[in-house]
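The values are calculated or read from the model by the stated rules, or taken from the named source; none is laboratory data. As the structure is a prediction and not an experimental result, all values here were calculated from the model. Cβ placement follows ideal geometry from the backbone for every residue including glycine, while neighbour counts extend to all protein chains displayed. Remember, those area values only see protein heavy atoms, side chains included, never the ligands or the DNA or RNA. Shrake-Rupley method; radii C 1.70, N 1.55, O 1.52, S 1.80 Å.
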Amino acid sequence: MLEKVKFRTRLAFRRIRERAMKKEPGIDGILVTVGLCIIALLLCVVMKDSLTAFIRTLVDAMTAKAQQILTGVTA
């Protein structure tokens with residue numbers, strides 16, 4: 001009796017897993033990807049100056065830290 005219950009339980013989980021993992025054709029992922037790309041491009045165009053200043057600040061800070069590490073100077 002216990003073996004029969006275990007078998008049915010395994011069979012039920014297998015069916016649930018197959019249905020849950022079943023991939024159906026659709027364009028949802030493509031639409032999300034295209035939408036995110038459009039948003040990223042718009043942000044780059046609109047915030048071009050801010051983005052340039054932000055990247056420049058990061059690069060300058062990283063350069064200064066690298067120079068400190070290479071020369072052995074600690075803050």
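Return the loop-located chymotrypsin sites (Phe, Trp or Tyr not before Pro) in the chain (DSSP other than H, G, I, E, B) with at most 12 other Cβ atoms within 10 Å of their own Cβ; answer none if there are none.
Values: sites: Phe7, Phe13, Phe54; in loops: none.
Qualifying residues, ordered by number: none.
With n ≥ 4 as the cut-off for DSSP H runs, can you work out [θ] at 222 nm for the chain, using -39500 (n - 2.57) per run divided by the number of residues, rounded to the nearest 500? All intermediate terms of the calculation are to be shown ahead of the outcome.
Working: 3 runs with 63 residues, N = 75.
Here the helix-only value at 222 nm equals -29000 deg cm²/dmol.
Quick one: how many lysine pairs in the chain have C-alpha atoms under 30 angstrom apart, if they're 8 or more apart or on different chains? Please list the in-between numbers first.
Working: Lys4/Lys22; Lys6/Lys22; Lys6/Lys23; Lys48/Lys65.
So the count works out to 4.
In whole percent, and with a 1.4 Å probe on the protein chains, what portion of the accessible area of the chain is carbon and sulfur? Numbers along the way, then the final one.
Numbers: 5180 of 7610 Å².
Here it works out to 68 percent.
If you take every residue apart from Phe54 with its C-beta less than 12 Å away from the C-beta of Phe54, what net charge results, scoring Lys and Arg +1 and Asp and Glu -1? If you can, show how the numbers build up before the last one.
Details: positive: Lys48, Arg56; negative: Asp49, Asp60.
Residues close to Phe54 contribute a combined charge of 0.
Determine the dipole magnitude for the chain: charges of +1 sit on the beta-carbon of Lys and Arg, -1 on that of Asp and Glu, nothing else is charged, the reference point is the Cα centre, and the result goes in debye to the nearest 20.
Rounded to the nearest 20 debye, it is 940 debye.
Can you give me the angle between helix 2-21 and the longest principal axis of the chain, using Cα atoms only, in degrees from 0 to 90, rounded to the nearest 10?
Value to nearest ten degrees: 40.
Subtract the Cα-Cα distance of Met21 and Ile69 from 0.36 nm times their separation in residues, and report this length gain in nm to one decimal.
Values: separation 48, 0.36 × 48 = 17.28 nm, distance 4.97 nm.
Difference between extended and current length: 12.3 nm.
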